[in-house]
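Working notes for the structure below.
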Amino acid sequence: MPSEINNIAVFTSGGDAPGMNAAIRAVVRASIFYKKNIFGIYRGYEGMIDNDIVELDARSVGNIIQRGGTILKSARSEEFRTAEGRKQAYENIKSRGIDALVAIGGDGTFTGLHAFYKEFGLPVICVPGTIDNDLPGTDYTIGYDTATNTVVDAVDKIRDTALSHNRLFFIEVMGRDSGAIAINSGIAGGAAAIIIPEEEMTIDELVAKLDKGGESKKSSSLVIVAEGGKSGSAMDIAAEVTKRFPYYDTKVTILGHLQRGGAPTYFDRVLASKMGVYAVEGLLDGKTDVMVGIKDNLTVFNDFETIMSNGHEIDTDALRISKILSI
Ligand SMILES: Nc1ncnc2c1ncn2[C@@H]1O[C@H](COP(=O)(O)OP(=O)(O)OP(=O)(O)O)[C@@H](O)[C@H]1O
Ligand SMILES: O=P(O)(O)OC[C@H]1O[C@](O)(CO)[C@@H](O)[C@@H]1O
Ligand SMILES: [Mg+2]
């Protein structure tokens, strides 16, 4: 029988994602609903190591459900990767009487929390908050829907100018190791080709595809390139295409961090609200070292080892559809 949990702490870590605030709100309010004390740790593992921790109440999270970013701030912490850093973090957590942690972040955050759990045995639970949608065990991660909608909006605008000038645009989107944003914004934005980290496309293959479009009177084309692809960045690919196929008038747009900002969509707000409540309920139900997920509309708790050993999957059917439709 796990010992009773009375003091829960929540933090956000890794790249911020729209909807993290809605998740914080849900964790805080669910904790209070179940009559637990709730703390916020600032700047993820950095704040855990620096003892940057405050007690929260229901009003601390008022008026944030609609806001992008994270009120708790986020960080990537090199120190937490070391055993000494994690020990310091544990000392601070213990001195505050905190007896359970809710992490909102991505795969790296969960890897760190798993190490922390194995070392100190404190109950921990993970809420998937990352625009990358690269976590098995859930159909969607918090922030992915908003980020993809932001990309589609940008792609639509670029299409207007591409069409006016008969140009070939390379649009680079985020997703260090994940093609999820690229694939679905590519379908929604009507891209001529999509280049993702998980599948190689040579310059020759790309140009053969674009030439085919040209033969059938396509006057402009948009290519979505996920950062971290095997053929290089959008800049590298555009430079290579221009060098070898000068008849293309190429331009590059790197969407960058604008994809991480902005108000979360209704979808991300609801997803975050559900996951935040499920995380607290899971903890109070004795679950630990697991990630909450929603798969086929069902709440699931997957243990961390299973999540990480599966690696992330790409939506091969979406990729197939994009190829059929981009002729
Ligand atoms: N192997 C590890 N051991 C200990 N801590 C880790 C480990 N991997 C990651 N972390 C911690 O988790 C933090 C966040 O990880 P990372 O930067 O990979 O982002 P993430 O959680 O995957 O989110 P996103 O991919 O959306 O940016 C790291 O800065 C580090 O402090
Ligand atoms: O904001 P940073 O630290 O440069 O990280 C950028 C990375 O974070 C993410 O936005 C989320 O993991 C990736 O898609 C991107 O590669
Ligand atoms: Mg990650």
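The values are calculated or read from the model by the stated rules, or taken from the named source; none is laboratory data. As the structure is a computational prediction, the values presented were derived from the model and not from experiment. With ideal geometry, Cβ positions are generated from the backbone for all residues, glycine too; neighbour counts draw on all protein chains shown. SASA here: full protein model, heavy atoms, side chains in, ligands and nucleic acids out. Shrake-Rupley method; radii C 1.70, N 1.55, O 1.52, S 1.80 Å.
State whether one or more residues within segment 239-254 are under 28 Å from Asp145 (Cβ atoms), at pLDDT 95 or above, open to solvent by less than 60 Å² (accessible area, probe 1.4 Å) and outside any loop (DSSP other than H, G, I, E, B). Full working, then the answer.
The first filter runs over segment 239-254 and keeps only residues under 28 Å from Asp145 (Cβ atoms), leaving 251-254.
Pick out the ones that are also at pLDDT 95 or above and you get 251-254.
Next, only the ones that are open to solvent by less than 60 Å² (accessible area, probe 1.4 Å) stay: 252-253.
If we keep only those that are outside any loop (DSSP other than H, G, I, E, B) as well, we get 252-253.
Yes.
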Only one of (1) outside any loop (DSSP other than H, G, I, E, B); (2) open to solvent by 50 Å² or more (accessible area, probe 1.4 Å) does not apply to Gly228, and that is (1)
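Going by the structure shown, is Thr111 within 25 Å of Ile5 (Cβ to Cβ), among the polar types (S, T, N, Q) and near ligand 1 (Cβ under 8 Å from one of its atoms)?
Criteria met by Thr111.
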Considering each of Thr150, Thr161 in turn, give the residue that is out of contact with any Ser or Thr (no Cβ under 8 Å at 6 or more places or on another chain), open to solvent by 10 Å² or more (accessible area, probe 1.4 Å) and within 16 Å of ligand 2 (Cβ to nearest atom). Thr150
Which condition does Gly214 not pass, out of (1) outside any loop (DSSP other than H, G, I, E, B); (2) within 25 Å of the chain's Cα centre (by Cα); (3) modelled with pLDDT under 95, if it passes all the others? (2)
What's the number of the only condition in (1) modelled with pLDDT under 95; (2) farther than 30 Å from Val207 by Cα; (3) open to solvent by less than 50 Å² (accessible area, probe 1.4 Å) that Asp296 fails to meet? (3)
Take Asp285 and decide whether it is surrounded by 17 or more Cβ atoms within 10 Å (Cβ to Cβ), of a type outside the set (Gly, Ala, Ser) and at pLDDT 95 or above. no
Evaluation of Val207 against (1) open to solvent by 20 Å² or more (accessible area, probe 1.4 Å); (2) hydrophobic (A, V, I, L, M, F, W, C); (3) in contact with a Phe, Trp or Tyr (Cβ under 8 Å, 6 or more places away or on another chain) (one fails), failing number: (1)
Need the failing condition index for Ile183 against (1) open to solvent by 10 Å² or more (accessible area, probe 1.4 Å); (2) assigned to a helix (DSSP H, G or I), just the number. (1)
Which residue, of Glu78, Glu84, Glu46, Glu4, is open to solvent by 50 Å² or more (accessible area, probe 1.4 Å), in contact with a Phe, Trp or Tyr (Cβ under 8 Å, 6 or more places away or on another chain) and charged (D, E, K, R)? Glu46
